[in-house]
Amino acid sequence: MIKIPKKIIEEIAGHARDEAPLEACGYLAGKENEVLELYRMRNIDQSSEHFSFAPKEQFGVVKKVRVMGLELIAVYHSHPATSARLSSEDIRLALDPKTIYVIHSLLNNETKAFKVIEGKIINETIL
Ligand SMILES: [Zn+2]
């Protein structure tokens, strides 16, 4: 379960639209399971099918979040042309079993959340 305020869901959708046809990506930070902050990240892959963060930018956000006393709860990215399901590439790259992976699809404007534990997909409810 992850709590994402409507305002932040709208920010994810807005970021997805801004970056289309490329994938948008970023971090969601907060406390326990409640998202409080969104950080837009650059997709250095500049791809419509996958994304990568710039390590330097990633480190900057990790530091900022820690200073605020928050945690990184989730990684979000958009699927510009496909549904909000983890691709095989997403599953392969989902290395942290504690991280929630949020996907926003521009195909049907759906937002879904998942965890990946040892290659198995677990659906996470978004409240
Ligand atoms: Zn994906």
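None of the figures in this text is laboratory data; all of them are computed from the coordinates on show. Just so it is clear, the model here is predicted, and its values are computed rather than measured. Cβ sites come from the backbone with ideal geometry, for glycine too, and all protein chains shown count toward neighbours.
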In the range 99-127, residue nearest to the chain's Cα centre (by Cα) [restricted to those that are in contact (Cβ under 8 Å) with a residue 60 or more places away in the chain and under 20 Å from Ala54 (Cα atoms)]: Val102
Subset of the range 77-98 [over 12 Å from the mean Cα position of the chain (by Cα), near the ligand (Cβ under 10 Å from one of its atoms) and not in a loop (DSSP other than H, G, I, E, B)]: Ser88, Glu89, Ile91, Leu93
Selection count, the range 16-32, where residues are assigned to a helix (DSSP H, G or I), of a type outside the set (D, E, K, R) and more than 14 Å from the ligand (Cβ to nearest atom): 0
Answer from Glu37, Glu124, Glu71, Glu110 - the residue that is of a type in the set (Asp, Glu), in contact with a Leu (Cβ under 7 Å, 6 or more places away or on another chain), surrounded by 12 or more Cβ atoms within 10 Å (Cβ to Cβ) and closer than 15 Å to Ile4 by Cβ: Glu37
Tally, over the range 48-76, of residues that are within 15 Å of the ligand (Cβ to nearest atom) and touching a strand residue (DSSP E or B) at 6+ places or on another chain (Cβ under 7 Å): 5
Residue match in the range 33-47 (condition: touching a Cys at 6+ places or on another chain (Cβ under 8 Å), free of Cβ contacts under 8 Å to residues at least 24 places away in the same chain and either among the hydrophobic types (A, V, I, L, M, F, W, C) or within 13 Å of the ligand (Cβ to nearest atom) (or both)): yes
